[in-house]
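Data block below; observations after.
The values are calculated or read from the model by the stated rules, or taken from the named source; none is laboratory data. Not measured: the values here are computed from a predicted model. In this analysis, Cβ positions are derived from the backbone assuming ideal geometry, glycine residues included, and neighbour counts consider all displayed protein chains. These accessible areas exclude ligands, DNA and RNA; they are computed on the full protein's heavy atoms, side chains included. Shrake-Rupley method; radii C 1.70, N 1.55, O 1.52, S 1.80 Å.
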Amino acid sequence: MSILPGQHIAAINGVDIAYTVSGTGPLLFAVSSGWGVGSSYLRHALTPLADRFTVVVISTRGSGGSSRPVDESAMGTATMADDIEHLRRHLGLGAIDLFGHSNGGAIAIGFAGKYPDACRKLILADSQLVGLSAREATSAIVAQRAGDPRFKEAVAALAGMGPFVFEDQAITDVLISTLPLYFFHPENAGKAIDTFDLPINSWATRTHMTADALPEARQDDLLARIRAQALVLVGKDDFQTPVSISEHIAAGIRGAALKVIGECGHMPWLEQPEVFYSSITDFLAH
């Protein structure tokens with residue numbers, strides 16, 4: 001099956017999966033986070049790569065144009081990894097190159113670990129690993145920023161958070177109020193907001209968090225199964241998925257390269273674009 005530019009829907013694995021194709025050149029697949037943020041931010045982030053690659057951005061089930069499963073328990077990272085394999089087969093492709101950011105990184109790990117022959121190269125940017133917490137590192141970064149007036153409102157918003165209220169606007173408000181903490185330069189938060197597909201889909205947030213909280217959702221045993229050539233990128237100042245998580249991931253994947261990007265938080269394409277894009281293009285070219 002040919003892969004044509006534009007927006008597409010594939011009926012696979014019990015849902016309709018939306019994906020967008022842009023650019024020309026070798027294929028690079030990318031998967032968005034699964035907690036309801038959609039894929040708009042990722043399409044914006046990877047647009048510069050479309051000059052050299054055909055970029056296929058997958059929207060995870062339940063958000064971003066993809067349909068919800070009938071069974072709410074089928075919203076975990078592992079099932080979203082299965083969706084990538086179903087799409088690969090649907091398109092009649094061999095092994096693919098795959099990019100994942102944040103929870104999208106965890107989904108990419110799930111795919112590369114469960115289907116090792118189906119993933120040729122794996123790029124993980126500020127990746128999550130389901131079951132691995134970095135609360136202490138996150139708390140230390142927040143404590144460092146507490147005295148910085150640029151982060152004052154975001155730190156206060158984080159400290160004042162109560163239990164999650166699973167409503168679209170409530171989840172969106174939490175993201176926007178704490179977003180400066182995701183960056184080394186907090187003024188970049190505004191640039192990020194402009195790329196999001198808002199409001200956040202709180203149904204996806206709730207069902208995804210519930211599925212990934214189960215003991216069987218843990219991913220640590222997947223790392224050793226990955227045979228893809230892997231590049232792990234992380235912002236040195238990432239408070240959401242701190243460097244320790246990426247160090248753990250890189251240590252667990254045989255031969256993985258780890259690159260820590262200075263003066264950079266959770267979204268390196270906004271804070272260190274030259275390093276981010278050159279790292280990816282160089283890795284895929286060799």
Selection count, the stretch 72-86, where residues are over 13 Å from residue 32 (Cβ atoms) and touching a strand residue (DSSP E or B) at 6+ places or on another chain (Cβ under 7 Å): 1
Among (1) in contact with a strand residue (DSSP E or B) (Cβ under 9 Å, 6 or more places away or on another chain); (2) open to solvent by 10 Å² or more (accessible area, probe 1.4 Å); (3) acidic (Asp, Glu), the one test that residue 126 misses: (2)
Please go through the stretch 1-44 and give me each residue that is of a type in the set (Val, Ile, Thr) and more than 15 Å from residue 125 (Cα to Cα), ordered by number. 3, 9, 12, 15, 17, 20, 21, 24, 37
Look through the stretch 121-131, keep the residues that are out of contact with any His (no Cβ under 6 Å at 6 or more places or on another chain) and in a loop (DSSP other than H, G, I, E, B), and return whichever of them is farthest from residue 96 (Cα to Cα). 131
If a residue must be in contact with a Ser or Thr (Cβ under 8 Å, 6 or more places away or on another chain) and within 23 Å of residue 279 (Cα to Cα), how many such residues does the stretch 114-131 contain? 5
State which residue is farthest from residue 74 (Cα to Cα) when the search covers only the stretch 9-22 and only residues that are polar (S, T, N, Q) and not in a loop (DSSP other than H, G, I, E, B). 22
Would you mind stating whether residue 145 is crowded, with 17+ Cβ neighbours inside 10 Å and of a type outside the set (A, V, I, L, M, F, W, C)? yes
The number of residues in the stretch 58-75 that are closer than 13 Å to residue 8 by Cα and hydrophobic (A, V, I, L, M, F, W, C) is 1
For the stretch 246-257, enumerate the residues that are assigned to a helix (DSSP H, G or I) and open to solvent by 10 Å² or more (accessible area, probe 1.4 Å). 247, 248, 250, 251, 252
Restricting attention to the stretch 186-223, and to residues there that are touching a residue at least 40 places away in the same chain (Cβ under 8 Å) and of a type in the set (Gly, Ala, Ser), which single residue is nearest to residue 264 (Cα to Cα)? 192
